Structures are given as C-alpha cells and as structure tokens.
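First the structure, in the form of structure tokens, and then the observations on it.
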Amino acid sequence: MYDVIVVGGGASGMMAAGRAAERGNRVLLLEKNEQLGQKLRITGGGRCNITNAEEDVHRLLAHYGNAQSFLYTSLAQFGVADTVSFFASRGLPIVVQENLRAFPATEKAGDVVRVLEEYLAAGNVDIATNTPVTDVVMKAGAIAKVVAKGEVYQAASYIFATGGMSHPETGSSGDGFSWLAKIGHTVAAPTPTIVPLRVVEPWITSLAGVSLPDVKITFYVNDQKRSSLSGTILCTHFGLSGPLILNAAASVADMLQEGVVTARIDTAPTLDLGALDKKMVEIFDANKNRTLKNVLKHITPPGTANAILGLVPYINPATKAHSVSREDRKQLGQLLKTLPVTITGLMGFEKAVVADGGVVLSEIDGKTFRSRVISNLFVTGDLLHINRPSGGYSLQLCWTTGYVAGNHA
C-alpha cells in the first residue's frame, strides 16, 4: 500500500512523484515505456524548450486561452522562476534564447530527464517501467486500485499524468482519456492543435530542411485575406513547419472548414516592391557577368534560389545578370514578395507538438489539481483540456501541474 501512485513517467508525472516523495510520502511511479521521459527526451528537437521565461504572470497566462484564471493560483505556487530555480539548483542552469524560449544550458533534453530521475531517487520513489496500467477499479466514488501487468497496486491518492496524444511513438496513445471517461469525468475529444501544415507545392517540399528566416506569411480563405504572421518558417518533405507555423495551425484548421486556404510568403517583408527592385538592380550591377542562378542567392533566403527559379521556367537560370530584362527582374521581385502556397490540411497526431483535449477544467480544482469527481484522484499535464502555443508553455504546464499535484496528494 502506497501513499501516492503516479501513473505516467513523463514531465508532469516525474515532477509530481518527486514532490510527493519529497514531502515524506511513499510513492510508486508506473510507466508503460522502457524508460522515463520518453517524450521529454525528444522535445525541442532534443534540446528541450524547458519553459518560457516570461516574468509577467499575466502575459504568461494570456498564452493559455480560456485556462488563464484556472491556472493563476497554481502558477503562484510553482511558476517560471520556480522552474528555473528547480533545475539550476540541481546543477542544470537555464539559458534564455529568442522569443524568451528557455533551454538547459547544455541544450540536451537528456540532462533534464537526468535531473528529474535524481529527484525521484532522492525521494526513494519506487519506479516500475514497462508497466502499463490496464484497469482502474472504483469503489464508493474513489479509486480503489489500479491493475498493471496483472499486478494490483493500491494507494491513498492517485495522480494521473499519462499525457495526451501528440507523438504517439513515445507512448502517448490517449489511454488516460479513456480511463478518465470510464470513471466519470467529462473528456473533451483531442485534436492535434500545434502541428505542421501539409501543402501542394513541390517547390516547398523540395526544400525539406531549409529555413526561411525573417519572412511574412499571409493566409487567405477563398482568396480573401485572413491573417499575417512574421518569423521563421521551416520547409519539410510534406509542407511547412517551425514555431511560426505550428502556432498558426489551430486558426488554419478553422479556415480549412470554410473553403480553399492559400498563403503567400514574403521573403523581404521590410521592403516594398520598389525598394526590393532597387536592391536587385544594385546586386545585378555588381555581378554583371555572373549567371542569374548565382546572383539570385544573394537576394533569396539561403538555399532557396534554385527552387524559386523553378517557379519562373521562362527565365533561363544561366542568363548573365546584365542580360536579365527589366520585365523579368520585376517578375522575380513580385515572386519574392508572394511565393505561392496551397494548404491541403494539417498533419495528424504523429506530427503534433501539442494536442488539446482532456478533462474539462470545471471538474478539476485549479488550486490542487484534485478531481471534483473522484475524491482521491489528481490530474496533471496534457490530460487537462488546455490550449497553448509552442515555445515552452507546454512544459511549464507540466512542471506547474505536476509540482502542485505532488504537493497536495
């Protein structure tokens, strides 16, 4: 018999188990995978965007949509500064990069997992990996026991931290949603909300792995302008990705319900057409005897010149700069301001950074993350129906909900 059983050894589960044990509880952590922190190890491309270093709590909360008021009290208990202090005090300092994205100084997600594993070890947490929970047994409005690999485990309190449905290859298959619905919670259906976009254009897919820095993308529905965003876009073998695109996915999903969604990418958003043409004239004049193919790379985003030239097949890439006609030069300038994109859909859960869905917040006490439906259950992390963008907000949600649940279980 344990004081606390935590189901799920991801970010919020490890934090919850560590904190519960730190308070003197006898804790068991059950994890279905061979090792803890499977998804955590790949987050941020393996660099682990550990939090967003926004110091103003109101600005931070604004990124959590309708959950702002729900999370206010919990962030007061364990917020961004607490996250930074938690890891730094355990030998893993945090560095802040572009857009307040915070990473471990080593930029290795494995180091984040290591710190959490040491936290669990310090609290003498019992850990059972390769142990998927297969049943949750109820009695008199509370969880009586959980069954995993044919074994029965019992505790005074249970913390569910099984994660949502993004990156199913890491074990996030939505099991927790099924259990929570089965024992009486209202569970909003998950949708992949922070995902790359699938596009038609071969010029984009031919640039897989190439980034388009400092560009502007404008979205249209049935040729009617909807929104514009600026930043860096990553081209992939299926379309567009990168933080800018990932955070636009939810709104693009809504647009796709209305009609044909297209976009235009402006590679020189700080220049109007006239200024861009003047820049092109200067570069062409300075490289008169070089081919257009070699000169254009000084104007286009790195690595994109050939793909962009492919969009104007009537212009010979071998033409010397001094022989490019005024009309062709202006056509190229117009293209660089309006590169065409046709969006056919969103990638699914397999490519999702974040998926929403989960227990509706009215059924959870935001001060403790205790269930209002099941007396001895706490719910954390991606099992809560909270939308948020990429950029460290998801992991901060895990640290906050895990710590607070572990502090009250």
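The values are calculated or read from the model by the stated rules, or taken from the named source; none is laboratory data. What you are looking at is a predicted structure, and each value in this text was computed from that prediction instead of being measured. We place every Cβ from the backbone using ideal geometry, glycine too, and count neighbours over all the protein chains shown.
Per-structure values
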read-out	value
Region 73-104, residues that are of a type in the set (Ser, Thr, Tyr), part of a helix (DSSP H, G or I) and without any contact (Cβ under 8 Å) to a residue 24 or more places away in the chain	85
Selected residue (criterion: surrounded by the most Cβ atoms within 10 Å (Cβ to Cβ)) from residues of region 312-334 that are assigned to a loop (DSSP other than H, G, I, E, B) and in contact (Cβ under 8 Å) with a residue 24 or more places away in the chain	324
Residue match in region 108-129 (condition: touching a residue at least 60 places away in the same chain (Cβ under 8 Å) and of a type in the set (Lys, Arg))	yes
Members of region 154-190 found to be assigned to a loop (DSSP other than H, G, I, E, B) and either at pLDDT 90 or above or hydroxyl-bearing (Ser, Thr, Tyr) (or both), listed by number	154, 161, 162, 166, 172, 173, 183, 185, 186
Residues within region 388-409 that are in contact with a strand residue (DSSP E or B) (Cβ under 6 Å, 6 or more places away or on another chain) and not in a helix (DSSP H, G or I), tallied	4
Residue ID - surrounded by the fewest Cβ atoms within 10 Å (Cβ to Cβ), chosen from residues in region 284-311 that are under 19 Å from residue 215 (Cβ atoms) and among the hydrophobic types (A, V, I, L, M, F, W, C)	311
Criterion violated by residue 130 - all others in (1) more than 20 Å from the chain's Cα centre (by Cα); (2) outside any loop (DSSP other than H, G, I, E, B) satisfied	(2)
So residue 49, is it in contact with a Lys or Arg (Cβ under 7 Å, 6 or more places away or on another chain), of a type in the set (S, T, N, Q) and either part of a helix (DSSP H, G or I) or crowded, with 17+ Cβ neighbours inside 10 Å (or both)	yes
Residue in region 246-269 that is farther than 28 Å from residue 222 by Cα, aliphatic (A, V, I, L, M) and touching a residue at least 12 places away in the same chain (Cβ under 8 Å) present	no
Condition check for residue 346: free of Cβ contacts under 8 Å to residues at least 60 places away in the same chain and either in contact with a Lys or Arg (Cβ under 9 Å, 6 or more places away or on another chain) or over 30 Å from residue 251 (Cβ atoms) (or both)	no
Residues located in region 11-28, provided they are touching a strand residue (DSSP E or B) at 6+ places or on another chain (Cβ under 9 Å) and closer than 11 Å to residue 380 by Cβ	12, 13, 14, 16, 17
Subset of region 1-33 [among the basic types (Lys, Arg) and within 29 Å of the chain's Cα centre (by Cα)]	19, 32
Whichever residue in region 116-125 is touching a helix residue (DSSP H, G or I) at 6+ places or on another chain (Cβ under 6 Å) and assigned to a helix (DSSP H, G or I) and, among such residues, is surrounded by the fewest Cβ atoms within 10 Å (Cβ to Cβ)	119
Residue within region 185-199 that is surrounded by 14 or more Cβ atoms within 10 Å (Cβ to Cβ) and more than 25 Å from the chain's Cα centre (by Cα) present	yes
Close pairs (9 angstrom Cβ cut-off, 6 or more residues apart or separate chains): farther than 18 Å from residue 250 by Cβ and not assigned by TED's automatic domain parsing to the domain that holds residue 246 in region 210-236, of a type in the set (D, E, K, R) and modelled with pLDDT of 90 or more anywhere	none
Which numbered condition residue 276 misses (of (1) touching a residue at least 24 places away in the same chain (Cβ under 8 Å); (2) farther than 29 Å from residue 321 by Cα; (3) among the hydrophobic types (A, V, I, L, M, F, W, C))	(2)
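Residues are listed down the side, and each one gets a yes or a no for (1) modelled with pLDDT of 95 or more; (2) in a helix (DSSP H, G or I); (3) out of contact with any Gly (no Cβ under 7 Å at 6 or more places or on another chain):
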site: 5; (1), (2), (3): yes, no, yes
site: 34; (1), (2), (3): no, no, yes
site: 38; (1), (2), (3): no, no, no
site: 42; (1), (2), (3): no, yes, yes
site: 61; (1), (2), (3): no, yes, yes
site: 66; (1), (2), (3): no, yes, yes
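Each row is one residue, and each column tells you yes or no for (1) modelled with pLDDT of 95 or more; (2) polar (S, T, N, Q); (3) surrounded by fewer than 20 Cβ atoms within 10 Å (Cβ to Cβ); (4) within 27 Å of residue 387 (Cα to Cα).
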site: 128; (1), (2), (3), (4): yes, no, yes, no
site: 133; (1), (2), (3), (4): no, no, no, yes
site: 140; (1), (2), (3), (4): no, no, yes, no
site: 146; (1), (2), (3), (4): yes, no, no, no
